Each structure stands twice: as C-alpha cells, then as structure tokens.
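*Asks:* Submitted below is the structure of interest, expressed as structure tokens.
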Amino acid sequence: MSDQGGALRRIVALGGLCALAAACGGAGAATDNGSQAAFRPRVVVRELPLEPVHVTAPRSEPGRLYIVGQGGVIRVVDRGKLRAAPFLDIHTKVTNSGEQGLLSVAFHPRYKQNHRFYVQYTDTNGDTRIVEYRSNGTRAIPRSARQVYYSGDPYPNHNGGQLVFGPNGRLYFTLGDGGSGGDPQNRAQNMRSRFGKLLSLNVVTKGVRIEALGLRNAWRFSFDRANGDLYIGDVGQGEIEEIDYMPRSSTGLKNYGWDVYEGRSKFEDKDPGPGELVFPIAQYAHDGGCSVTGGLVDRGSNAALRGRYIYGDYCSGIVWSLRVADGKAQDVRRESFKIPDLTSFGEDAAGELFAASHAGVVYRLTP
C-alpha cells in the first residue's frame with residue numbers, strides 16, 4: 001500500500017474522523033430487500049481493549065471467535081462473552097505502527113488434534129515473521145514458538161498479513177510488493193523476489209512456493225470453504241481497488257498485473273512478467289473508498305446470501321457482495337449498511353460471517 005492506497009496507514013488519519021461521524025457507518029441500517037433482511041451488522045462485542053484487524057475461528061470450536069489485535073494480542077469471545085485472559089500476548093515482539101503489527105492468525109486444519117496455530121507479524125525491527133505456536137486448548141504456550149518464515153522488509157508499508165490454509169494443506173500468505181509507492185524496485189513482476197506474490201508454505205519443511213504474482217498489497221484473501229476457489233482483495237495505488245479470483249481448478253502461474261496494471265487500467269508502460277495475465281473480476285474507483293478489505297464467500301445459514309462473496313472498503317465503510325459464475329462477477333450490489341474502520345471479515349466454525357472494525361468492535365453479519 002502506498003500513502004495514497006494504504007489499508008492500515010489510513011487508520012491513524014481516518015479513524016478519528018469516522019468515530020466523530022458515526023455516519024461513517026450507520027451500521028445496522030434498515031434494508032428494503034426482504035432477501036437481505038437478515039444480512040446486517042449486529043454487535044458481538046464493542047469497546048475491545050485492542051485494535052481488531054482479523055477475526056476467525058477453527059472449525060472444531062463452535063461458539064468461539066478469535067480476535068487479533070494489531071498491537072500483538074489475541075482475545076477470545078466464547079459464546080458472546082470476552083474471556084478475561086488473552087489467548088496470545090506477544091506485544092513485546094511486535095511493532096504496532098501504521099500498517100505494521102500482528103496482522104492475522106490461522107489455525108492448522110488438524111488444530112483439534114495438534115493445537116498448532118500460526119501468526120504473521122512485523123517484529124521490533126519492522127521485518128516480517130510467521131511463527132507457529134501450540135496451545136493447551138485455552139491459551140498459547142509461549143515456549144512452543146517455532147519460526148517458519150522470515151523476511152526483511154525494505155519499507156514499513158505493504159506488509160500483506162493474511163494467513164490462510166489452502167485446500168492443499170499449505171499455508172498461504174503475502175508480503176505485499178515491498179512498500180513505498182508504485183513498486184519502485186519493480187518487485188511484483190520479478191520472479192526473483194517474493195514481494196508482490198501470493199506465496200504458500202509447507203509448515204513442516206518450511207518450503208516456500210510462488211503461487212501467483214502481480215499483487216500490490218493483498219491485505220485480505222480467502223478460500224471458499226465449499227469449493228476451494230480463491231478470492232483476493234488487492235489494495236490499489238491511487239485510483240482503483242480490485243477483487244481478483246482464481247478457481248480451484250486453475251492450473252499454471254497467474255499474473256494479476258501490478259505494477260503494469262492497476263485494476264484493468266495501465267499503470268506503467270512496460271510488458272508484464274511471466275504467467276497468465278488475469279484481470280480483476282470486480283473493481284471500484286476511489287470515489288467509493290480508498291482501500292479494499294477482501295472478504296469471504298458466505299456459506300452460513302442464510303440461504304439468500306449463500307454463495308455470495310462479501311467485501312468492503314476500509315475508508316468508506318461501504319460493503320458490497322457478488323456472485324461468481326463462469327469465472328465472472330454477477331449481480332454486484334452495494335449493501336444497505338456501512339461498517340466504520342472495516343479491517344477484516346471472518347467466519348466462525350459454522351461459516352457464519354463476521355466483520356472487525358479497528359475502532360474496537362466486532363460485528364456478526366449473518367444469523
């Protein structure tokens with residue numbers, strides 16, 4: 001993310017503005033569409049003593065939500081109540097500034113059996129670390145920490161931050177394009193660099209693989225839990241925010257275009273690097289916001305929403321949804337509510353959707 005297009009860099013500048021104008025959101029607004037009536041933000045917990053940037057849960061723990069605080073603490077909401085003790089506290093290891101911090105958590109697919117989970121954060125030197133921990137089922141065990149990935153960062157912005165296990169059992173993550181603005185070292189199209197790539201990690205051997213290139217700062221991405229299709233929210237430079245898509249059946253290296261393209265528009269006069277050039281399935285200009293927050297495909301209990309991909313914008317709080325058919329976005333619609341300071345979407349064990357606000361609120365979006 002650049003100073004023009006950053007997702008979390010704007011938190012400092014815009015967070016107070018949104019708080020003053022509760023209209024930055026008006027969360028919970030009425031809807032005119034009966035099929036959308038059950039799709040609205042309802043507060044799960046507010047006034048959290050942390051700055052939420054991610055919310056998720058292992059599939060083996062119904063009724064629980066794990067909320068990641070940018071400052072280095074993970075808290076648990078258990079059946080609507082916030083546990084007093086943190087699940088993980090590594091605030092002394094984390095730089096919390098602008099786009100830096102503890103950025104996400106992913107639970108091992110066999111978490112119920114092995115209690116292993118993974119966090120991505122920027123350390124006190126501003127570099128990226130992915131670290132494996134084990135828990136005792138209630139709290140993390142600090143001495144179990146095992147680093148599985150490290151990268152020095154050339155700039156403090158564009159840190160990616162999402163961790164997700166893919167259908168193939170590998171841990172997917174991004175680093176952003178390295179930072180500054182406009183990818184000045186042309187890393188995103190350079191296969192000799194891991195910046196600007198979608199990467200996957202074998203958490204046992206620590207082997208890393210490039211899955212796609214041409215990403216600026218994929219702050220949030222997700223796999224559809226029903227079919228394994230991949231959706232990426234890639235934050236734009238100064239004009240365009242985009243949603244990229246890769247079906248599970250896809251083969252070969254994909255190139256999402258940055259920094260040759262911003263969205264579907266030419267950004268630099270040069271040829272793209274290797275791989276099949278893939279343009280976004282959806283995009284919006286900065287009159288609709290300034291920093292896309294990628295979301296998830298709803299697979300919860302609301303039949304009217306099932307199969308729709310939900311995403312939004314950090315700066316405007318606008319939320320959209322769409323369906324994908326034959327690899328293309330269909331029925332793209334703006335929803336009837338906004339969520340202030342929208343940093344992340346998440347899902348619980350049952351696939352119900354939630355959203356996190358950096359202002360200290362977690363919302364439930366579906367029944």
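*Asks:* Could you grab me the full set of residues in the stretch 39-80 that are part of a loop (DSSP other than H, G, I, E, B), more than 24 Å from Asn302 (Cα to Cα) and within 19 Å of the chain's Cα centre (by Cα)?
*Replies:* Across the stretch 39-80, the qualifying residues are Leu50, Glu51, Gln70, Gly71, Gly72.
*Asks:* Suppose we filter Gly181, Gly161 for residues that are in contact with a Ser or Thr (Cβ under 6 Å, 6 or more places away or on another chain), touching a residue at least 60 places away in the same chain (Cβ under 8 Å) and more than 30 Å from His108 (Cβ to Cβ); which single one remains?
*Replies:* The match here is Gly181.
Here is a yes/no grid of residues against (1) polar (S, T, N, Q); (2) modelled with pLDDT under 95; (3) touching an Asp or Glu at 6+ places or on another chain (Cβ under 6 Å):
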site: Leu253; (1), (2), (3): no, no, no
site: Gly263; (1), (2), (3): no, no, yes
site: Phe267; (1), (2), (3): no, no, yes
site: Asp271; (1), (2), (3): no, no, no
site: Gly275; (1), (2), (3): no, no, no
site: Ile281; (1), (2), (3): no, no, no
site: Ser291; (1), (2), (3): yes, no, no
site: Arg299; (1), (2), (3): no, no, no
site: Tyr309; (1), (2), (3): no, no, no
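*Asks:* Take Tyr150 and tell me if it is buried (at least 16 other Cβ atoms within 10 Å of the Cβ), at pLDDT 95 or above, among the aromatic types (Phe, Trp, Tyr) and at negative phi. Reasoning before the result, please.
*Replies:* On the way: buried (at least 16 other Cβ atoms within 10 Å of the Cβ): no; at pLDDT 95 or above: yes; among the aromatic types (Phe, Trp, Tyr): yes; at negative phi: yes.
When the stated conditions are applied, Tyr150 does not pass them.
*Asks:* Within the stretch 97-114, how many residues are of a type outside the set (Lys, Arg), at pLDDT 95 or above and over 18 Å from Leu163 (Cβ atoms)?
*Replies:* Of the residues in that region, 1 qualify.
*Asks:* When the residues of the stretch 176-217 are filtered to those that are of a type in the set (A, V, I, L, M, F, W, C) and over 20 Å from Gly252 (Cα atoms), which remaining residue is surrounded by the most Cβ atoms within 10 Å (Cβ to Cβ)?
*Replies:* Among those residues, the one meeting the criterion is Val203.
*Asks:* Restricting to the stretch 117-134, name every residue that is touching a residue at least 60 places away in the same chain (Cβ under 8 Å) and more than 11 Å from Ser151 (Cα to Cα).
*Replies:* Tyr118, Glu132, listed by residue number.
The values are calculated or read from the model by the stated rules, or taken from the named source; none is laboratory data. Not measured: the values here are computed from a predicted model. Neighbour counts are summed over all protein chains in view; Cβ atoms, including those assigned to glycine, are modelled from backbone coordinates with ideal geometry.
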